[in-house]
Structure formats: C-alpha cells, structure tokens
Amino acid sequence: METINIICVDDQPEVLDSVLRDLRPLSPLIRLEEASGTEDCLRLLEQIDEDGGHVAVLITDQVMPGNTGTDLLAKVTGDARFSHTRKILLTGQATHADTINAINEGRLDNYVEKPWEPEKLLNMVKRLLTLYIMEAGIDYKPYMSILDNATLFSKLR
Amino acid sequence: MISLPDSIMHPLKRVNRVYFTDPDRILAIPAGGTLVRQNEECHRLFLVLRGTFVAYRRSDNFEGSELPAETQVRGQEVFRAEPRSYVCVQAFFSRSYHSSYHIAAVEDAEVAYIDDTTPAVDEEHYGTLEQQFVPVLVHELAARNFRIFTHVSEKEEAVRLLQRAEMASVLGQLSAGIAHELNNAVGVISRRTDFVAENLSSFLGENDPQNARLFRYGYEDESFLSAGEVRTRARAYERDLDMSQEASRVLAHIAPDDATLKRLDTRFIKHIRRHFRFWELGHDLRDLRMASRHASGIVRAVKLLGGGSSSREAGVDVNQSVRDALNLLSAKLKNITVRTQLGELPSVFADPTELLQIWTNIISNACDAMQHAETPQPMVCITTTTLHAENLQLLPTEYVAVTISNNGPSIPEEIRDKIFQPSFTTKKKGMDFGLGLGLSIVRRLVDSYGATVELHSSDIITSFTINLPTTQIHGND
C-alpha cells in the first residue's frame, strides 16, 4: 500500500493542532503531517519524496514569517514531483491580490477562511484526496472508507 | 517677513523716506493706546516705525470711549502690524476713509502718516501720489496673501486635529462597547477552563494515575517545539518504538530529547501508545487557558483604548507616575537593568492613570523587543526634564519631557510610521502574539494631551520622548 500524506502548514502550533485533529478520521490510512512554515514544508516535501510517499493535499496558511502561503503553493505547482497535489489556502488574512495570486500562480483548489467549520474542511479534503488518488493512478480500494463517494463515482464512470 | 524684488523695494524705500519722515506727521502711541477705532472715519495712511499693533474686529459696536489695553479688548484678532507695515491702506486708497478694524498698540509704538491733503512729492518726475504708492500697494497685497495663507494652513491643521480626535473618540466608544460585551464571556471561559482542568486532573488521579500523569504532561506542556522538531522526533519514535503517528507525536512532546526519554519508564511509554488522548485532553485545556488569557488581555487593552472616564486634575507628579509604572512592571523588568534620572519637575494637569498607561505601554514594548532579540545586558533608561519651548503662537511653552530608552534592536525605518497604528504588531509567535494596541493607546493619550512623541532608533539605542505640556489648552477630551 502507498504512503499518502496530507500536509498542513501554519506558523501557529495551536492552529496546526486543530487542523490535524479535524482531519484525524483520515488516519491511519493517511499520514497527517505538519510544518511550521514554507521552509519547513519544503524540507518535509523532500523527505516524503525520498521515502517515496505521496502528497495528496497541501493545506497552508497565507501570512507567515518568511515566505507566504502563496509563495509555497507556486513553488509546489512548479515541481513536477507534486503535479497532482491538491491545494487549500486556509487563512484569515489573505488580501484580494494574495488570493488572485494563489489561484493563478499556485493553482489553488479551495480557499477556506479562518475560523473554519471542521466538517466542511474534512469533506473538502476528502473530495480532494479522492481526486488525487484517482488522478495519480493509486488503487482506491483500500481507501474506500475515507473517500468521497460522489467524486469517486464520477471519476469511475 | 515679506520679500519683494528690488524693483519694488527701491521705490518703496523712496516712498518711506519722502513721505514718512516728517516729524510733524509722526505719532507716538503708548502700549494699549488706540491708533484707529473700528467704524471710525480716518483719513490717514500709516507706516509703523516702531512697536507692534494688533487689529481687532468686533461684531457689535463697542461703545466705551477709553479703549483698554490689548488683553482687555474683546474681539477677534485679525492681524498684527509690525515695523515697515502699512495700516489703513484700503480705507485710504478707496477713499472710503472708513476703518474696518480697531487697531491698538501692543507695546509703545511710533507711526508716521500721510493724509488726504498730503501733496505728491516731485510729481513731474515720479507721477501722481497714487502712481508713487504702487509699491506700497504691492507690499500690502503680498502681506495680505501671506496672512491668508497662514490663516488657511492654521485652520487646516486645526481641522485635521479635530478629525483625528473625532476618529479616536468613535473608535474609543466602539471598542469600549465591544470590550464590555466580551469581558464577561471571556471571564467565564477563563475561569471554567481552570475548574475543568482541576476537576479532571483529580478525577483521573483517582482512577488511573498513569492517565492523570499523561493529562498533566499535556496541561503543563511548555516545550514550545517547532512543528519540524516534533515531526523529526515523532518519526524516530514511530519507527523505533513501533507507535502510531499520533502517539509518537505525543511522546515527542513529552520527551523532546534522548535524555528525557531515558528518564521515562517503559510502562509509561507503553501506556502512551494506547492512551495518548489523555495528553491531548490536557494539551487542549492548556491551549484553551492560554487563549482565554490572551483574550482577557485584549479585552483589558481595548477597554483602556476606549478610554472611558478620565479625570484630569492639576498637580500631578510625573516622576511618581514613572515610578508607579516601574513598580507595575517589576516582574517583567526582573532581568533588565533599570536606570532612572528623574529631574525636578513642575506638576502637570493630567490623569495619573493615563500617564501610567503611556509609560507602561512603552516600557513593556521595550522589554518585549529586547527579550525577543535576546539583547545582551538589556537596559531601560528613563529620564525626566523640563523643557521651555520658543514662543510659538497657540502652543504652551512649558513641557515635561520623559525619555524612555532601551538598548534593544532598532526599529526599522520602514515601520516607524506604522508602529502607532492600532493592530500593527511585530509580535507573532505561537500564543505569544502581541496586542498591537500598546502604542496606539500611547498615540491616543498623547494626542489628547496636546503632547508629542519623538522616536529615535539606532542599533545602539532606541528612545521614545514624550513632551507633555504642563498646562492644557485644548480642553480635556
């Protein structure tokens, strides 16, 4: 079975904690990883790649010390190894221009405003995870219990 | 004050010499004496030779015959005439001979004049009297332009101050309302979190000491590890100790290094494997506690920003309020050298609480900046002195200057304009985020006193100087 990761990036540990906990229903089929900023996330991506793992969904904050979430998304988008990775911007402070950049340069899939609704976030991640698994050509059967059925059926049809 | 080209100045000097030097047409006016009364007929054009006159305009007729000295004159000051200025130019040349102002001497003064019977001198060569007086008219135009320009900019400044005061007042009311609403809610969250944690801790202890231990580890966690550090540790534990990702993450918090891990008994580590959620429970309550403390801090600060009732009184000792601030912050200043140089000061008209707010916000900010930058041998210096400003119109002349300096990092040039704005903060690190209100409170208070803040910042020293007028002229809101 493949190792599939979901990464959450935020400079505030308590935000990371909350997101990881909201996504816990996906564990242990999916590995939930956290990074404290863009630099830390890039290191984590290298490590996952070395171990031969997948990054299905990347959830990032926008305003962090150093590079912004948009910068990170643009970098990941330009990296062929993560071409199927789905992206969410989870933020309370993105400006209009940030958001446009994230969509155009970072190929953003979804935008979530803080504070988020746990169930909505989980369902959104499930949909993106399903898309990733199907597009990356991973056998979806072991993950059936955590995938989004509607998305799965539309992809199978 | 009025600069004109030589082509005007030369003939102007001739006019002054030719028309305004006749001893028979020179008058001495004592201080407080009247040159011209408002609405009175006056056939003279004056040149001020010495002293200063002030022109007033009154809306109603003043009927007293003996006009009092300047200080007693009621009416709006329109302009001042100093040596080399002309007075009653319009009345004279319009032939209305009617003065719109009451003009009195501020100090012992002397004027020269011509009247409507004075003949033109050397008319063949220099033209009619009117032609000869063109430079005087140009001078008068320039003087009036200057006067209007000054008035307009003073008015604009006053409007700007008024708008800022109004904005501050609206912001204050709004924030006070919000703070009041939130205060009780935040209080409940804060207190109940403590109760829940206490009860849960003792309940767990009665049933399973290991769970209680895990809970306490989570509740009292002060490791403040970065996500990267936790991840690296957790990966190692996950691999070496055959733990789930969640459990290894908890163990990484409890034992961030090998030495700590060695001190833990294997039974407890095994316990973590299945019961890590008790740690998370404790950790959640810890986050709740910290978040509610933070929220109460914001509510308190917002209440201060809102101001509320200020009671300003005379006779306030600034040095005492500085000492109060240092006492209040003694815990924060524990590892910081504090030097004070408090000079002998006049008392001021102020609210001691507000002064306290100004000093504590600045000192507290300095402490945070030095702590954050890990400044070696951190130091805060406070000096107080008395300042006497030059005689600027409308401004008080006596100030108490309080300088609060520190040897922490310099404030970058590009943010110096922003640091006094609400919600601007450089503090954003885990739960230790700043309020971003501190210096905006300082700005609001300083403005309300008609005081000024000067900021100097270099790598060696950063200092804030508050110049506080000892008397109030703007009223106290």
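Some points to look at:
Okay, residues lined up against (1) of a type outside the set (Phe, Trp, Tyr); (2) in contact with an Asp or Glu (Cβ under 9 Å, 6 or more places away or on another chain):
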site: A:Gln93; (1), (2): yes, yes
site: A:Arg107; (1), (2): yes, no
site: A:Trp116; (1), (2): no, yes
site: A:Leu131; (1), (2): yes, yes
site: A:Lys141; (1), (2): yes, no
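- Condition broken by A:Thr60, with the remaining ones in (1) modelled with pLDDT of 95 or more; (2) surrounded by fewer than 20 Cβ atoms within 10 Å (Cβ to Cβ); (3) in contact with a Gly (Cβ under 8 Å, 6 or more places away or on another chain) satisfied: (2)
- Residues satisfying the criterion are absent from the stretch B:171-192 (criterion: β-branched (Val, Ile, Thr), under 53 Å from the mean Cα position of the chain (by Cα), within 14 Å of chain A (Cβ to nearest Cβ) and farther than 30 Å from B:Gly450 by Cβ).
- Residue in the stretch A:10-18 that is hydroxyl-bearing (Ser, Thr, Tyr), loosely packed, with under 15 Cβ neighbours inside 10 Å and either touching a Lys or Arg at 6+ places or on another chain (Cβ under 8 Å) or within 11 Å of chain B (Cβ to nearest Cβ) (or both) present: no
- Candidate set: the stretch B:64-109, residues that are among the charged types (D, E, K, R) and within 25 Å of B:Leu141 (Cβ to Cβ); chosen: the one modelled with the lowest pLDDT: B:Glu77
- Pairs where the first residue, in the stretch B:367-380, is without any contact (Cβ under 8 Å) to a residue 40 or more places away in the chain and closer than 14 Å to B:Phe464 by Cβ and the second is surrounded by fewer than 18 Cβ atoms within 10 Å (Cβ to Cβ) and not acidic (Asp, Glu), C-beta under 7 Å, 6+ apart: B:Cys367/B:Lys332
- Only residues that are in a helix (DSSP H, G or I), within 13 Å of chain A (Cβ to nearest Cβ) and either among the polar types (S, T, N, Q) or under 52 Å from the mean Cα position of the chain (by Cα) (or both) were counted in the stretch B:219-275, giving 15.
- Search result, residues across the stretch A:27-42 that are in contact with a strand residue (DSSP E or B) (Cβ under 9 Å, 6 or more places away or on another chain) and either farther than 19 Å from A:Tyr132 by Cβ or surrounded by 19 or more Cβ atoms within 10 Å (Cβ to Cβ) (or both): A:Ile30, A:Arg31, A:Leu32, A:Glu33, A:Glu34, A:Ala35, A:Ser36, A:Gly37, A:Thr38, A:Asp40, A:Cys41, A:Leu42
- Of all residues in the stretch B:276-297 being within 13 Å of chain A (Cβ to nearest Cβ) and of a type in the set (Phe, Trp, Tyr), the one that is farthest from B:Ala185 (Cα to Cα): B:Phe276
The values are calculated or read from the model by the stated rules, or taken from the named source; none is laboratory data. In this text the structure is predicted, and so the values were computed from the model without any measurement. Glycine also receives a Cβ, built like all others from the backbone with ideal geometry; neighbour counts cover every protein chain displayed.
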